[in-house]
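First comes the structure, then the notes that go with it.
The values are calculated or read from the model by the stated rules, or taken from the named source; none is laboratory data. Computed from a predicted structure; not experimentally measured. Counting neighbours? That spans all protein chains shown, and the Cβs are built from the backbone with ideal geometry, glycine included.
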Amino acid sequence: MLEKINIQKTCIIEGHQIVVDDKLVWSGAEVLPFSDFAKEAFLQLKIDYPKFYKMDALSKLAFLAAEYILQGEDTDELALVLANKSASLDTDIKHQKSIQDADHFYPRPATFVYTLANICAGEIGIRHGLQTENAFFVAEEFPKETIYSYVDYLLKSGKAKRVLCGWVEYFQEEYRALLYIF
Amino acid sequence: MVFEPVYIHDKNCVTPLGFDYLSNWNGLLRGISSIARNDIGRGEFIPVSKFTLEQARRLLTPAEDSTLLERMLFTAAKPIAEKHVPTARTALVLGTTKGNVSFLKERRTADARLPVLARKMAKALDFRTEPIIVSQACVSGLLALSVAKRLIQSGQYDDAVVLAGDVVSEFVVSGFQAFQAMSLDPCRPYDKDRAGLSLGEAAACIYVSKVPGEFKILGEAAISDANHISGPSRTGEGLVQSVLRAGKEANIDIKDIDFISAHGTATQYNDEMEAIAFNRLGLQDVPLHSLKGYFGHTLGTAGLLETIIGLMSLQFGTLIPTVGFETLGVSQPLNIIQRMSRIPNEARSRLLKTASGFGGANAAMIIEKTTAARTG
């Protein structure tokens with residue numbers, strides 16, 4: 001069974017701060033809404049990836065955490081196992097608003113596609129070319145035992161060489177990302 | 001490292017075709033489709049597979065104020081959980097895309113959350129462990145079965161009840177309409193006149209453990225396309241890799257399977273992608289069907305529901321035709337099952353089940369009928 005000691009690298013994004021392996025790498029002004037913080041943190045990366053601006057908040061959060069943790073990392077056979085509490089509820093509410101009123105009915109494909117929790121994992125996969133094992137779990141709190149057990153299986157079975165896993169939660173400005181590489 | 005195999009022992013499903021697996025099977029044998037025109041809000045009648053009000057009333061009810069989805073899930077799972085009473089080492093793995101999302105219409109945000117649904121089901125079915133939720137678009141149900149297998153093999157659980165469910169809601173219908181992915185007529189998988197998918201609602205349930213039983217999971221994998229969030233890879237790469245890796249774990253030649261229960265949503269892109277993938281795999285001659293023409297696309301349930309029907313095909317040695325299909329409309333050859341037929345070699349027959357979904361998700365599983373299987 002995996003333990004904390006098997007963690008090779010971590011990235012935490014919360015309170016408008018990005019911390020990689022206990023080192024603060026980016027800090028945004030606390031008064032900013034998440035979207036502005038995310039944009040600043042993205043620009044700091046100096047990468048050309050216009051798709052970022054089309055993403056919903058959950059995908060932006062997951063994308064940023066993955067970007068910061070995967071800098072300089074080998075992504076060969078790197079599986080992706082993510083979990084959160086709210087699934088895609090933040091964007092679900094946006095889609096619901098667009099269909100709530102029959103007289104102002106304007107569902108948008110660009111919003112609807114983000115009403116699935118695993119899309120944020122899809123965005124990370126596209127960015128880093130991860131044609132690998134992928135799973136998205138939803139739980140009230142980080143299901144540590146299940147995730148560790150699942151990651152342990154992926155590594156021992158040879159279905160992955162390494163695993164990027166963790167928590168990516170976003171709901172109405174409340175957010176937290178905590179990614180690990182095993 | 002090689003793990004102990006995991007077996008499928010019991011199964012059940014609840015759809016507008018029938019309230020248990022046998023009545024669903026009998027419906028399929030008679031060629032009945034449950035897709036019919038329904039009003040899904042805004043007075044628009046579109047072809048979907050949906051429970052009638054009368055049918056919904058006959059579903060079992062876990063609590064007084066239960067939603068349709070909760071009643072479907074409970075009806076599917078109750079006989080399984082009664083037969084295999086959950087212990088402190090029994091997992092409940094729930095696969096769903098949208099759960100009770102319709103609560104958002106009444107601004108009941110907290111009730112729309114997936115963990116709330118999962119805990120309600122765990123409580124109603126007397127589970128002693130915290131439920132596990134898999135939400136991986138239209139691959140959810142099949143991946144939930146893989147997750148259960150994997151967590152048993154890694155030693156976290158002894159056995160598991162895998163449950164999947166999704167309903168046809170205005171939320172989902174409006175989204176697929178915005179994508180122009182919905183057919184105006186009942187869907188026609190792989191057909192040259194296919195014009196999109198038909199949605200459906202269903203719940204499905206499977207019990208798995210390490211104890212040898214009727215069906216053995218030989219191998220499985222869930223590999224992403226890493227290509228596009230709302231369209232499948234044009235080369236079918238994720239599906240190809242999923243099948244290859246499932247075959248590698250199964251330690252068999254992937255051509256050594258008796259039939260494929262494919263995803264076959266009847267959208268242009270999905271069916272074409274599958275045709276390309278199966279040809280790349282050399283599986284174009286293996287009998288293949290899509291069940292979407294009977295049940296509609298039941299989203300997170302689809303992979304698990306269609307696995308159950310596949311198991312019954314193994315059990316009874318009977319292949320179910322692809323309703324809605326007439327003339328091949330994909331660029332590569334496929335051996336689409338068009339008539340009810342027998343599996344040639346019934347002993348140790350094998351099924352390949354695949355699913356694909358938004359986010360570039362794919363899943364594949366190879367299941368074998370064991371010699372311990374009951375004969376039909």
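Consider the range B:141-162 and keep the residues that are aliphatic (A, V, I, L, M) and part of a strand (DSSP E or B). The one that is nearest to the other protein chains (Cβ to nearest Cβ) is B:160. Cβ-Cβ distances below 6 Å connect the following pairs, each with a first residue in the range A:67-84 that is more than 26 Å from residue B:133 (Cβ to Cβ), a second residue that is part of a strand (DSSP E or B), and a separation of six or more residues or different chains: A:68/A:11; A:68/A:18; A:68/A:20. Considering (1) in contact with a Pro (Cβ under 8 Å, 6 or more places away or on another chain); (2) under 24 Å from residue A:159 (Cα atoms); (3) not acidic (Asp, Glu), the lone condition that residue B:277 does not fulfil carries the number (1).
Against the numbered list (1) surrounded by fewer than 16 Cβ atoms within 10 Å (Cβ to Cβ); (2) closer than 19 Å to residue B:176 by Cβ; (3) more than 10 Å from chain B (Cβ to nearest Cβ); (4) hydroxyl-bearing (Ser, Thr, Tyr), residue A:106 comes up short only at (3).
Just give me the residues in the range A:4-55 being touching a residue at least 60 places away in the same chain (Cβ under 8 Å) and either farther than 23 Å from residue A:162 by Cα or part of a loop (DSSP other than H, G, I, E, B) (or both), in sequence order.
Within the range A:4-55, A:7, A:8, A:14, A:33, A:34, A:49, A:51, A:55 qualify.
Of all residues in the range A:111-150, exactly one satisfies the criterion of being of a type in the set (A, V, I, L, M), more than 7 Å from chain B (Cβ to nearest Cβ) and touching a Ser or Thr at 6+ places or on another chain (Cβ under 9 Å), namely A:124. Selection of strands (runs of 3 or more DSSP E) fully inside the range B:163-278 by the criterion of at least 1 residues being touching a residue at least 40 places away in the same chain (Cβ under 8 Å) and within 14 Å of chain A (Cβ to nearest Cβ) returns B:215-221.
Pick from the range B:175-195 the residues that are of a type in the set (Phe, Trp, Tyr) and in contact with a strand residue (DSSP E or B) (Cβ under 7 Å, 6 or more places away or on another chain): which of them is farthest from residue A:96 (Cα to Cα)? Looking at the filtered set, the residue picked out is B:190.
Condition check ((1) under 22 Å from residue A:100 (Cβ atoms); (2) surrounded by fewer than 16 Cβ atoms within 10 Å (Cβ to Cβ); (3) away from chain A (no Cβ under 14 Å)) across all residues:
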{"residue": "B:23", "(1), (2), (3)": "no, yes, yes"}
{"residue": "B:32", "(1), (2), (3)": "no, yes, yes"}
{"residue": "B:37", "(1), (2), (3)": "no, yes, yes"}
{"residue": "B:57", "(1), (2), (3)": "no, yes, yes"}
{"residue": "B:63", "(1), (2), (3)": "no, yes, yes"}
{"residue": "B:70", "(1), (2), (3)": "no, no, yes"}
{"residue": "B:91", "(1), (2), (3)": "no, no, no"}
{"residue": "B:106", "(1), (2), (3)": "yes, yes, no"}
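Just a yes or no: is a residue in the range B:290-297 touching a helix residue (DSSP H, G or I) at 6+ places or on another chain (Cβ under 7 Å) and in a helix (DSSP H, G or I)? There is at least one residue in the range B:290-297 that is touching a helix residue (DSSP H, G or I) at 6+ places or on another chain (Cβ under 7 Å) and in a helix (DSSP H, G or I).
Within the range B:264-292, the residues that satisfy the criterion of being surrounded by fewer than 24 Cβ atoms within 10 Å (Cβ to Cβ) and under 24 Å from residue B:30 (Cα atoms) are B:286, B:287. Here the condition is being over 12 Å from residue B:125 (Cβ atoms), at pLDDT 95 or above and of a type in the set (A, V, I, L, M); of B:73, B:94, B:59, it holds for B:59 alone.
Being at positive phi and touching a residue at least 60 places away in the same chain (Cβ under 8 Å) is a property that holds for residue A:173.
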